[in-house]
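Colleague: Let me give you the structure first, and then I'll get to my questions.
The values are calculated or read from the model by the stated rules, or taken from the named source; none is laboratory data. Everything numeric here is computed off the predicted structure, so don't read it as measured data. Every residue, glycine among them, receives a Cβ derived from its backbone with ideal geometry; neighbour counts consider all protein chains shown.
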Amino acid sequence: MELIDCKSLTLEELGSHLAEMEVPAYRAAQIRSWLDRGVTNFDDMGNLPLKLRGELNKRFHIPSIRIKKKLVSERDYTVKYLYTLDDGENVESVLMKYHHGWSQCLSTQVGCKMGCTFCATGMDGCVRNLLASEMMAQIETAQSDHGVRVSSIVLMGMGEPLDNFDNLLRFLYMLGQPGGVQIGMRHVSLSTCGLVDKIYKLMEHKFQLTLSVSLHALNDNIRSQMMPINKRWPVSELLKACSIYAKTTGRRISFEYAMVDGVNDSDECARELAARLKGILCHVNLIPLNTVPEKQLRRSSDKRLGSFKAVLEKLGINVTVRRTLGSDINASCGQLRRMKEKE
């Protein structure tokens, strides 16, 4: 019999399984409490009878992650983790300090199949999806290791979150469960490269999270060269979905725009961006490109970024420039895993 992933079960689901075993309902809360503290072995759950621990070992397993490598920035306290999963695969996560508390960037897949030209994560394709329990364990492990409480998360690490929709959905529902990490939806940012069908599917749940859309270009020709997904879901269809999503959920869309020298950073591109976003509840987050050694793309100059931002502001677009964190430890996703895989 295939063992059940205990950590991916809600409290109610765990209680149902225990009821089938004729175990009192209150044991579910006890087990959940141990899981939320990062315990990965039923034998370590001291307030459970020995016989029950043995029965649980026969029916369930608890996926775990281990810290394989940890880098700490000397500039801004950013922490980059390379985690090893039970099957030996590796994923990355980044812990960032802001004035409002600690935020963590989580991975949702081992690798990525989207193939964006500026990203290191997808260079080796997608190995597999992460379980909800493996997403949650990234938070619990970082909290335990660094002695902090994570108060917000960004699903912007390795992988395309909406390409792992079912596990993502389970994870989002588990975030606010009693006894867990207790992170509310307004403190969650979910990034997508533009899977339009999944944006509509996510909209049905009306989560009060922030949807961050990796846009990077408004011209289909330019965007298709940078992001192959645009050939399936062109800009017009993506923006239509974003507009409907914002109106339905009442939540502002964050459009991510990586500034690439000589590709998408002209004033003309800025004017086109402003024109196409008019009427959508949104803001634009300009991103200084993280240079990947294997790629030919280079980041725009500070002068060009400033000019692009000024054009958007003049045309009434709410715009910010993303703060660069962990630049001395290669904190952008995918680079640390690729280094380890090469070794």
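Colleague: So which residues in region 244-263 are over 25 Å from E204 (Cα atoms) and either part of a loop (DSSP other than H, G, I, E, B) or not assigned by TED's automatic domain parsing to the domain that holds R322 (or both), if there are any at all?
Modeller: D261, G262, V263, listed by residue number.
Colleague: Another question, if that's okay. Go through region 121-138 residue by residue and tally those that are touching a helix residue (DSSP H, G or I) at 6+ places or on another chain (Cβ under 9 Å) and in a loop (DSSP other than H, G, I, E, B).
Modeller: Within region 121-138, residues that are touching a helix residue (DSSP H, G or I) at 6+ places or on another chain (Cβ under 9 Å) and in a loop (DSSP other than H, G, I, E, B) number 2.
Colleague: Here's a check for you: in region 244-263, which residue that is among the aromatic types (F, W, Y) and closer than 14 Å to L312 by Cβ is modelled with the highest pLDDT?
Modeller: F255
Colleague: Within region 25-37, is there a residue that is in contact with a helix residue (DSSP H, G or I) (Cβ under 8 Å, 6 or more places away or on another chain) and of a type in the set (S, T, N, Q)?
Modeller: no
Colleague: Now a separate question. What are the residues in region 120-130 that are surrounded by 20 or more Cβ atoms within 10 Å (Cβ to Cβ) and among the hydrophobic types (A, V, I, L, M, F, W, C), if any?
Modeller: A120, L130
Colleague: Among the residues of region 64-120, which ones are assigned to a loop (DSSP other than H, G, I, E, B) and among the β-branched types (V, I, T)?
Modeller: T78, T108, T117
Colleague: Being more than 22 Å from S191 (Cβ to Cβ), in a helix (DSSP H, G or I) and free of Cβ contacts under 8 Å to residues at least 12 places away in the same chain is the requirement here; does E272 meet it?
Modeller: Spelling it out, it is not the case that E272 is more than 22 Å from S191 (Cβ to Cβ), in a helix (DSSP H, G or I) and free of Cβ contacts under 8 Å to residues at least 12 places away in the same chain.
Colleague: A further question on this structure: Give the residue that is surrounded by the fewest Cβ atoms within 10 Å (Cβ to Cβ), with candidates limited to residues of region 27-77 that are farther than 27 Å from D87 by Cα and of a type in the set (S, T, N, Q).
Modeller: Ranking the candidates gives N47 first.
Colleague: Next question. Would you check if there is a residue in region 264-283 being under 26 Å from the mean Cα position of the chain (by Cα), assigned by TED's automatic domain parsing to the domain that holds I222 and modelled with pLDDT under 90?
Modeller: Looking through region 264-283, none of the residues is under 26 Å from the mean Cα position of the chain (by Cα), assigned by TED's automatic domain parsing to the domain that holds I222 and modelled with pLDDT under 90.
Colleague: Is it true that G334 is on the phi > 0 side of the Ramachandran plot, in contact with a helix residue (DSSP H, G or I) (Cβ under 8 Å, 6 or more places away or on another chain) and either among the acidic types (D, E) or modelled with pLDDT of 60 or more (or both)?
Modeller: No: the conditions fail for G334.
Colleague: Can you say whether L82 is touching a helix residue (DSSP H, G or I) at 6+ places or on another chain (Cβ under 9 Å), outside the structural domain of I153 (by TED's automatic domain parsing) and hydrophobic (A, V, I, L, M, F, W, C), as far as the supplied structure shows?
Modeller: So L82 fails the test.
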